[in-house]
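One structure is given here, and the rest of the page talks about it.
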Amino acid sequence: MTRILAAGALAALLAATGPEAGTIQGRISHPLLARWPATVFVEKIPGRDFAPPAEHPVVDQKDLVFIPHVLAVIKGTTVDFRNSDSVKHNIFSSRKSPTVFNLGAYSSGVVRSVTFDKPGAVSLLCNVHAEMSAYVVVVETPYFAQTDREGRFTIGGVPPGSYRLAFWHETVASDPQPVVVEGGKVATVAWPQPKRK
Amino acid sequence: MLRAVKPTLLVVGALTTILLDGLAREAAAIPAFARKYRTSCTTCHVAIPKRNAFGEAFRRNGYQIPAGDERYIKEEPVSLGAEAWKEMWPDAIWPGAIPGTFPLAAYVHQRFVFDGPTDDKEFDAPHELELLFGNTLGRNVGFFGEWVAYEKGVNAPGLKRFFIQFSNLFEKRLGKAVSLRVGRFEPGIADGYKDADRITMEHPITLDYRVTSAFRVRDAQSGVELAGVPHRRFEYVLGLVNGQGVSVNDPDNDKDVYARAGFKFGGMGLDGSGGPEGEELVIANNYVDNSVMLGFYGYWGVATQTDSNRVAFRNEFRRFGVDARVNFGRNYLLAGVVRGRDDNPSNTSARDVDSTAWFVEMDRVFKPWIIGVVRYERLEIDGKPDLTQVVPNLTLLARANIRFTLEAFLQPSLDEDKFRTFKANVLFVF
């Protein structure tokens with residue numbers, strides 16, 4: 001089961017200027033999205049920076065599984081990596097990740113933290129348990145959402161304007177799409193079928 | 001959804017007992033895949049083991065569903081490393097997987113045989129038990145194996161086929177153009193009409209005849225094979241094998257080589273393009289694939305044998321074949337011809353023996369569970385008619401994995417005993 005933190009949705013709501021905010025909806029059509037969802041997000045808006053939340057989102061390790069499998073956060077967010085398992089884990093990121101780190105092995109109940117300052121997808125692995133896998137997707141705006149099994153998504157609270165909408169998925173990719181958001185309206189985006197990475 | 005067949009007719013057929021030395025069947029259907037995808041045999045098979053177009057694309061793709069295998073997997077494999085380990089290569093082992101359950105299936109024949117010339121009648125039940133292995137080891141690595149555990153009163157006759165296939169090498173650049181198979185396998189020259197795919201119990205003469213004891217097209221051989229689908233309408237096969245068939249260790253350093261090219265017009269692409277890409281796999285009426293397929297192949301071999309005086313001798317031989325398959329609606333028309341030349345097949349005065357074998361077969365799917373087959377085939381040696389055979393067959397599917405067959409074997413070329421055998425067979429797989 002994959003969960004994605006609602007930090008983005010909450011931040012979007014706070015950043016929105018009340019009733020003028022618009023909504024972006026759409027669908028990414030690919031069979032693999034039924035297995036692993038995609039994170040859809042508005043790319044960096046020139047001239048605008050968004051503060052990370054004060055509260056740290058958590059990636060937990062329980063029953064030899066990272067929870068959640070995909071966590072989306074705003075650039076600058078500090079994430080807590082908690083070990084709720086009965087065994088030691090050693091979280092590290094792959095060397096191709098924008099943020100490279102290695103937390104070393106630590107025991108049950110211990111929490112170690114990492115601040116993600118660079119945008120992009122960070123692949124998480126465990127040196128002790130090769131099958132464990134998770135991703136932290138670092139975005140530059142609070143306007144993001146996760147697709148459902150049908151590939152559909154909804155991003156609310158987006159201020160009016162012209163943006164580029166992108167998505168990250170662990171196995172497929174496609175080019176960003178332009179989107180124009182009007183206050184109080186729904187903008188629909190349909191991607192051409194993405195290709196396997 | 002297949003309906004159950006009332007047992008009365010089938011029991012009558014099964015009790016028509018006949019005697020014959022049954023020929024071993026080779027299996028290609030494998031319930032391990034049915035378990036992996038939680039789907040029926042009919043997703044890939046017209047009638048086990050005869051594959052439909054989707055099943056053929058599945059096999060060519062290394063036993064993976066062409067349009068996104070991961071989407072349809074219901075039996076989770078055991079990960080030997082998360083995907084992100086690829087980013088750590090070459091400083092880490094490339095991640096793979098093994099099947100979630102041991103990928104084993106069973107294939108059982110119960111047979112009743114009547115031999116016309118001797119008037120012998122025999123219950124040959126069970127006739128054969130085969131164990132089948134097949135699955136993938138992560139993406140683009142597949143394997144398949146066939147081990148005969150029992151055949152006509154003999155326990156553990158042995159391994160028939162076992163190979164590993166590395167599919168879609170350099171996939172990002174070459175797509176499905178290059179796959180490599182290593183192990184023991186049925187040479188891909190007969191991909192147009194694979195012996196393991198046939199609906200009849202008798203083997204087509206083009207695959208079955210021998211001029212020399214050391215070679216028969218349908219025999220599994222040990223070696224390597226490159227194959228691929230560079231274009232959705234074109235496939236090729238290149239092979240290098242020990243030669244000498246399946247039961248003999250290679251007595252010399254000579255290797256056999258072969259090559260095949262196949263072209264398909266219409267229907268599903270050889271790479272599975274144009275096939276189902278929905279939420280679930282399609283399990284009904286998959287026998288329709290209106291198309292024409294043509295294939296051409298050549299096989300060059302050297303066999304080292306011993307004659308009756310125990311003198312070793314060499315026979316250099318070659319086979320050139322053409323096969324065609326037309327599928328229109330519920331009908332299949334198949335044909336194949338092979339020309340052969342053996343330079344020294346028996347170390348006697350019989351040198352430079354030419355052979356020609358051909359067959360024409362018509363299959364019709366009357367209902368999804370009723371299939372009728374008639375095959376006519378001939379063999380000529382040095383231009384003289386040697387054998388003419390007719391094989392009528394009626395196949396009834398009680399379930400997708402339970403098949404009843406009634407088949408006769410006639411040889412009209414004989415002066416006497418034109419009627420050779422009648423067989424009634426029950427096959428079930430699980």
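Observations on the model:
- Each label was represented as a point 7 Å from its Cα along the Cα-to-Cβ direction; for A:SER107 and B:PHE296 these points are 7.4 nm apart.
- The GNM of chain B, with springs linking C-alpha atoms under 10 angstrom apart, assigns the highest mean-square fluctuation among B:THR304, B:THR395, B:THR200 to B:THR304.
- Whole-percent pair-distance distribution, where bins are 10 Å wide, for the alpha carbons of segment B:7-429: 4, 21, 32, 27, 12, 3, 1, 0
- Segment B:278-320, Cα convex hull volume normalised per residue, Å³: 204
- Of the cross-linked pairs B:LYS36/B:LYS194; A:LYS197/B:LYS255; B:LYS50/B:LYS152; A:LYS118/B:LYS74; A:LYS44/A:LYS185; B:LYS74/B:LYS423, those separated by over 28 Å at the C-alpha level are A:LYS197/B:LYS255; A:LYS118/B:LYS74; B:LYS74/B:LYS423.
- Looking at segment B:168-220, the chymotrypsin sites (Phe, Trp or Tyr not before Pro) that sit in a DSSP loop and have at most 10 other Cβ atoms within 10 Å of their own Cβ are B:PHE170.
- Each of B:GLN165, B:SER79, B:ALA196 was scored by the projection of its Cα onto the charge dipole of segment B:7-429, and the greatest displacement toward the positive side belongs to B:SER79; charges sit on the C-beta of Lys, Arg, Asp and Glu.
- Structure remark: mean-square fluctuation, Gaussian network model of chain B, C-alpha springs under 10 Å; the largest value among B:GLU171, B:GLU56, B:GLU235 belongs to B:GLU171.
- With 0.36 nm allotted per residue and the present C-alpha distance subtracted, the B:LEU131-B:LEU80 stretch has 15.8 nm of extension available.
- Take each residue in A:125-136, count the other chain C-beta atoms within 10 Å of its C-beta, and the mean is 4.
- Legend: ranking of residues B:GLU151, B:GLU225 from fewest to most surrounding C-beta atoms inside 10 Å; resulting order B:GLU151, B:GLU225.
- When chain B is treated as a Gaussian network with alpha carbon springs shorter than 10 Å, the biggest mean-square fluctuation among B:GLY175, B:GLY340, B:GLY145 belongs to B:GLY175.
- Using 0.36 nm per residue and subtracting the Cα-Cα separation, the extra length available between B:GLU280 and B:SER213 on full extension is 19.4 nm.
- Backbone HN-Hα couplings from phi across segment B:203-210 [Karplus 6.51/-1.76/1.60, Hz, Gly and Pro as x]: 7, x, 5, 5, 8, 10, 6, 10
- Working value for segment A:51-139: equivalent-ellipsoid semi-axes of 20, 14, 11 Å, each the square root of 5 times a Cα gyration tensor eigenvalue, largest first.
- Over chain A: helical MRE at 222 nm, DSSP H runs n ≥ 4 each giving -39500 (n - 2.57), nearest 500: -1500 deg cm²/dmol
- Measuring nothing but how far apart in sequence close Cα pairs (under 8 Å, 6+ apart) lie, relative to its length, chain B scores a relative contact order of 16 percent.
- Estimated at 0.36 nm per residue, the fully extended path between B:PHE102 and B:VAL288 surpasses their Cα-Cα distance by 63.7 nm.
- 3J(HN,Hα) along segment B:376-382, derived from phi through the Karplus expression 6.51 cos²θ - 1.76 cosθ + 1.60 where θ = phi - 60°, amounts to 10, 8, 9, 10, 10, 10, 6 Hz, with x in place of Gly and Pro.
- Relative contact order, percent, chain A [alpha-carbon distance under 8 Å, six or more residues apart]: 35
Here, each number is a calculation from the coordinates, and none is a lab measurement. All figures in this text were calculated on a predicted structure; none of them were measured in a lab. Neighbour counts run over all protein chains shown; Cβ positions are idealised from the backbone, glycine included.
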